[in-house]
Amino acid sequence: MGKILVLIVVMTFSGVCYGKDFSDQRGMTNQLGPQTLLRCAEQMSAKGAKVYELSYERSATMPLSPFAGPYSPNFLPSVAMENTIQFYNMETLNPGVNDGNHGTQIDALGHFAYLAEPWDGQGQPDISRATYFGDYKGLDVKPTPTSPLQFLGMESVPPLITTAVLIDVRKYVHNGKAMSAGEFVSVQDIKTAVKRSGLKSRGILAGDIVLINTGWSDNYQDPDETKIYYSSAPGLSYAAAKYLAEQKVVGVGLDTPFVDAVPSPNATSVERDTSAPESLGFPVHHYFLTQVGVHTLENFRLVELVEDSVELSCAMVLPLLSRGSAASPIRPVAIGMPGS
């Protein structure tokens with residue numbers, strides 16, 4: 001199994017795709033290669049291994065990102081083709097929808113950039129002077145307001161086929177209680193969860209995907225009647241993001257709509273992340289995407305992995321090969337053995 005996997009995708013990890021070298025745009029995914037595929041193959045070939053869906057179904061009634069506009073698929077009538085026995089079916093999305101940032105998704109490294117000084121909200125900021133991952137400049141990445149990303153877009157992201165570690169902070173840190181909006185997953189939380197789980201002797205390895213269960217997915221509904229899920233969420237502390245990046249992981253996914261913690265809009269007091277710089281609205285996004293090249297994975301459906309205690313699995317996360325896009329919908333799966 002391992003040899004087959006390597007033969008199938010070894011070219012993916014050379015950094016070359018369709019004649020273009022993306023190695024300087026790939027951040028931590030340069031950690032992927034034959035060694036991570038062979039680790040992954042162990043989970044795939046284990047007797048009793050199961051395939052776990054990690055994404056939610058996409059629908060017009062699912063929880064919607066407040067940043068991405070409405071999501072209303074328009075399913076068109078079947079169309080017959082004249083003088084043939086064929087007909088076809090298609091659907092369109094409503095104008096203004098940002099498909100990549102709804103539902104289970106991955107962010108490209110070009111999703112975030114930063115300025116040298118905070119913008120005061122007056123006029124328009126000079127995004128041509130913005131800095132992206134790898135010291136790419138705004139003028140080069142997005143030369144006009146309506147241009148696609150010229151660098152760091154989804155086409156530069158390889159298929160993520162590697163081992164995934166499930167860090168269940170709900171179980172091992174919060175005694176089964178779901179985390180609340182605005183709460184932070186700390187470095188100590190991660191270390192404690194690993195130490196108390198079956199991952200104790202293995203830990204987190206370079207090239208892994210880290211999946212963190214907070215319990216916030218208890219609020220996921222379709223149809224989304226309460227509107228709680230996207231209103232706020234727990235998330236990683238800035239220090240925890242730095243810790244995971246030090247392990248050289250390629251992606252971090254939570255059972256939340258954001259990797260950053262977002263307090264409840266009704267909160268009377270808000271816990272501040274003292275490890276994060278004050279000039280950042282989404283510090284974990286900033287650190288992962290612009291500083292170290294770790295992909296943010298959002299809206300992951302971890303409930304079955306958690307129920308079966310699949311702490312180690314082979315994950316496959318394939319973004320759409322969508323040139324110039326800053327995000328992509330995905331259908332990730334994990335292959336692992338219950339009780340692993």
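Points worth noting:
- Amide H contacts of Asp168: Asn213, each under 5 Å away and 5 or more positions distant or on a separate chain (H built 1.01 Å from N in the peptide plane; Pro and chain starts excluded).
- Bridge type composition, segment 93-239 - antiparallel percent by DSSP, nearest 5: 20
- Amide H contacts of Ala108 (H built 1.01 Å from N, in plane; Pro and chain starts excluded): Ala327, Ser328 sit under 5 Å, all sequence-distant by 5 or more or on other chains.
- Relative packing of 141-154, 21-34, which averages over residues the other C-beta atoms within 10 Å, highest first: 21-34, 141-154
- For segment 223-244, the residues whose amide N sits under 17 Å from a probe point set 7 Å from the Cα of Thr274 along the beta carbon direction are 237-240.
- Low-density loop cleavage sites - trypsin sites (Lys or Arg not before Pro) in segment 232-292, where at most 13 other Cβ are within 10 Å (DSSP): Arg272
- FRET efficiency for the pair Glu307 and Leu115, taken as 1/(1 + (r/R0)^6) with r the Cβ-Cβ distance and R0 = 45 Å, rounds to 0.55.
- Here the relative contact order of segment 46-141, from alpha carbon pairs under 8 Å that lie six or more residues apart, stands at 20 percent.
- Percentage relative contact order, the chain, counting C-alpha pairs under 8 Å, at least six apart: 27
- ³J(HN,Hα) computed for each position of segment 153-167 - Karplus, 6.51 cos²θ - 1.76 cosθ + 1.60, integer Hz, glycine/proline x: x, 4, 5, 8, 8, x, x, 8, 10, 6, 6, 10, 10, 9, 10
Read the figures in this text as sums done on the coordinates, not as results from a lab. Note that the structure is a prediction, hence the values are computed from the model and not measured. Every residue, glycine among them, receives a Cβ derived from its backbone with ideal geometry; neighbour counts consider all protein chains shown.
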